[in-house]
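The values are calculated or read from the model by the stated rules, or taken from the named source; none is laboratory data. None of the values given here were measured: they were computed from a predicted structure. Virtual Cβ from ideal backbone geometry, glycine too; neighbours counted across all protein chains shown. For the accessible areas, the whole protein counts, side chains as well, though only heavy atoms, and no ligand, DNA or RNA atoms are used. Shrake-Rupley method; radii C 1.70, N 1.55, O 1.52, S 1.80 Å.
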Amino acid sequence: MTKEAKVCISDNANAIGTLPLGCRSNLLNDRLRLASRISRGKTAALFLAFALAAPAALYGAGVPHAGPLFDRFDLTLDSGQRTEIAGPLFYFQNRETEKIWAVPPLLSYTRDPGTESIEFDFVYPLVTYDRYGGQYRWQFFQLLSVGGGPTQQESARNRFTIFPFYFQQRSSVPEENYTALIPFYGHLKNRLFRDEVFFVMLPFYVQSRKKDVVTDNYVYPFFHLRHGEGLQGWQFWPLLGREHKDVTTRTNGFGETETVGGHDKFFVLWPFFANQTGGIGTEDKIWQQELLPAYSLYRSTNRDVTTILWPFFSRIDEREKKYREWQAPWPFIVIARGEGKSTTRFLPLFSRAHTPEIESDFYLWPVYKYKRIHSDPLDQQRTRILFFLYSDTIAKNTETGATKRRTDLWPLFTHQRDFHGNTRLQVLAVLEPYLPGSRKIERDYSPVWSIWRSEKNPQCGTASQSLLWNLYRRETAPASKRCSFLFGLFQYGSDTESRQVRLFYIPIVNKAASN
């Protein structure tokens with residue numbers, strides 16, 4: 001190694017790029033002479049080391065670009081920076097206060113001190129860990145899970161679940177503790193859509209509570225006794241059952257007393273015959289009777305439904321919504337007319353169903369389907385062909401006039417434009433059309449198959465394109481341009497002060513910008 005090159009190496013490595021070109025060339029020649037001593041069997045390792053080390057030696061403090069082996073670049077749509085190594089197999093990203101490192105599709109780790117959040121995924125959704133503030137949850141395929149943290153009423157609440165066999169909760173409020181070992185013995189709170197559940201040798205005895213209604217099940221679901229405020233009921237399911245509730249009152253959140261309607265329910269050989277009356281003591285009394293499949297009747301203040309040979313032939317009178325509907329037979333032929341709804345359906349040929357808020361049309365279902373929802377300030381419409389094969393969704397803010405759009409053609413591409421005009425095109429898109437807006441899919445899986453990425457930020461005037469994980473990459477900004485190709489063997493860059501061209505990492509053009 002020459003004396004001049006040794007002096008170069010002894011200096012701060014970040015200052016190499018400021019040395020004379022001759023010093024850089026001597027350093028490069030020394031590396032080439034060393035490479036000549038390595039056996040041919042190590043050529044691939046030499047090429048990788050050269051591709052990563054040579055740019056650093058020649059650029060000094062500059063960023064080496066050797067995609068897809070290694071590349072570091074500024075984000076186009078957000079403020080931040082991203083480093084990618086070995087194509088899609090590793091990346092590290094800083095975005096505002098958020099930091100992500102990932103080895104797609106194996107695992108990813110995200111930390112954001114700004115929102116006090118942490119996310120860890122291992123082969124998502126197999127294993128996940130999520131923390132937001134003091135709340136956390138770890139799960140293994142939704143079968144084994146651990147979660148907890150403080151709540152508004154408790155300084156600590158921790159849960160442990162082995163679904164569907166073991167449920168445990170420990171709280172700073174002892175009354176909220178529970179343990180359940182299915183099927184032997186257990187007590188649950190705010191689980192399984194009930195406020196409380198208690199069981200012994202399930203299904204022989206199960207007691208559940210929802211608000212004030214308590215149901216005692218013996219050999220669930222065949223026999224139960226039910227009681228509550230003004231309520232009594234029993235059933236030998238599916239043979240016979242009866243339930244009655246008196247008219248009661250309660251105090252609402254505004255301190256006002258309001259009426260809670262009563263009801264009467266009766267069934268024989270469920271689901272073939274049932275008769276019930278609801279809303280007793282209120283302005284909207286409801287009566288229902290079913291003798292299936294012969295008929296089904298529904299009568300209320302605002303709505304009447306008559307069905308013959310249930311569920312095929314029905315007539316619906318919607319007095320409150322002001323329309324009348326015929327189904328003959330449902331779901332193949334449906335006709336509705338009135339102010340509140342207009343529908344013409346001949347499944348699977350075509351359908352047009354419109355209300356003041358919703359439009360839903362299809363032709364040769366499921367070949368073409370269109371749906372629009374208008375509810376100020378949001379006006380959203382979506383067009384689909386063959387379910388998820390093609391999807392085009394447009395959302396508009398009716399107050400500001402801003403729009404966003406997402407177009408998916410599975411599995412070829414997904415294209416997005418947000419309310420600020422930022423656009424992003426990705427080719428290919430294997431899972432994104434099925435799970436639109438899933439940041440975990442975009443973070444953990446999209447890098448694996450996104451062979452082309454194109455982004456544009458019109459507010460900042462920046463844009464970028466990437467082919468085959470930065471084998472080719474181009475970036476443009478109002479005052480600069482950069483392009484690299486084939487592991488960085490060809491690179492072009494320009495800004496307001498200079499223009500550079502590098503071939504095999506060696507500067508061949510380095511000119512100051514003309515005034």
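Structural remarks
- At R0 = 51 Å, FRET efficiency that the Cβ-Cβ distance of SER145 and ARG299 yields, to 0.05: 0.65
- The stretch 213-262 - percent relative contact order, Cα under 8 Å, separation 6 or more: 23 percent
- Spin-label pair PHE204/GLU497, simplified geometry with 7 Å Cα→Cβ offset, distance in nm: 8.5 nm
- Take every pair of alpha-carbon atoms less than 8 Å apart whose residues are at least six positions apart; their mean separation over the length of the chain yields a relative contact order of 7 percent.
- With R₀ fixed at 60 Å, the C-beta to C-beta distance from LEU269 to ARG72 puts the FRET efficiency at about 0.25.
- Rounded, prolate or oblate (a/c below 1.5 giving rounded, otherwise prolate when a/b exceeds b/c) for the stretch 293-447 by Cα gyration tensor: prolate
- A straight Cα-to-Cα reach below 22 Å connects LYS210 with the lysines LYS189, LYS245, LYS265, residues fewer than 8 places away in its own chain not being considered.
- Pairs exceeding a 21 Å alpha-carbon distance, out of LYS322/LYS396; LYS341/LYS404; LYS371/LYS404; LYS341/LYS369: LYS322/LYS396; LYS341/LYS404.
- Mean silhouette area of the stretch 420-515, derived from the convex hull of its C-alpha atoms and averaged over all directions, reads 7.4 nm².
- Neighbour-limited loop hits for chymotrypsin sites (Phe, Trp or Tyr not before Pro), the stretch 155-244 (at most 16 other Cβ within 10 Å; DSSP other than H, G, I, E, B): PHE165, PHE184, PHE193, PHE204, PHE222
- Take the Cα of PHE165, step 7 Å toward its Cβ, do the same at GLU283, and the gap between the two points is 5.6 nm.
- Part-to-part distance (alpha-carbon centres) for the stretch 111-134 and the stretch 275-315, which is given in Å: 49 Å
- Shape of the stretch 354-428, Cα gyration tensor, a/c cut at 1.5: oblate
- Length available on full extension from GLN459 to TYR185: 0.36 nm per residue minus the Cα-Cα distance, which gives 92.5 nm.
- Taking the accessible area of the stretch 66-136, probe 1.4 Å, and keeping the other protein chains in place, the carbon and sulfur fraction comes to 62%.
- Reciprocal of mean inverse Cα separation for the stretch 473-515 (Kirkwood radius, Å): 10.5 Å
- Percentage of interatomic Cα-Cα distances in the stretch 184-291 larger than 21 Å: 47 percent
- Overall Cα dimensions of the stretch 199-252 - principal axes, largest extent first, Å: 38, 24, 11
- Rounded to 0.05, the FRET efficiency of the LEU378 and LEU126 pair, given R0 = 45 Å and the Cβ-Cβ distance, is 0.80.
- Here the stretch 393-468 and the stretch 205-233 have alpha carbon centers that stand 51 Å from each other.
- Here the extension length gained between LEU225 and VAL367 equals 46.1 nm, from 0.36 nm per residue of separation less the Cα-Cα distance.
- Distance histogram in 5 Å bins (all Cα pairs of the stretch 263-309, percent per bin): 6, 22, 28, 23, 14, 6, 1
- Taking the convex hull of the alpha carbon positions in the stretch 128-204 and averaging its projected area over all directions gives 5.3 nm².
- Taking only protein heavy atoms and a 1.4 Å probe, the accessible area of the stretch 379-515 is 61% carbon and sulfur.
- Sorted largest first, the spans of the alpha carbon positions of the chain along the three principal axes are 101, 56, 50 Å.
- Cα-only radius of gyration and Dmax that characterise the stretch 248-352, units Å: 17.3, 54
- Extension gain (nm, one decimal) between ARG337 and ASN158, 0.36 nm per residue minus Cα-Cα: 59.1 nm
- Using C-alpha pairs below 8 Å separated by at least 6 residues, the relative contact order for the stretch 375-477 is 16 percent.
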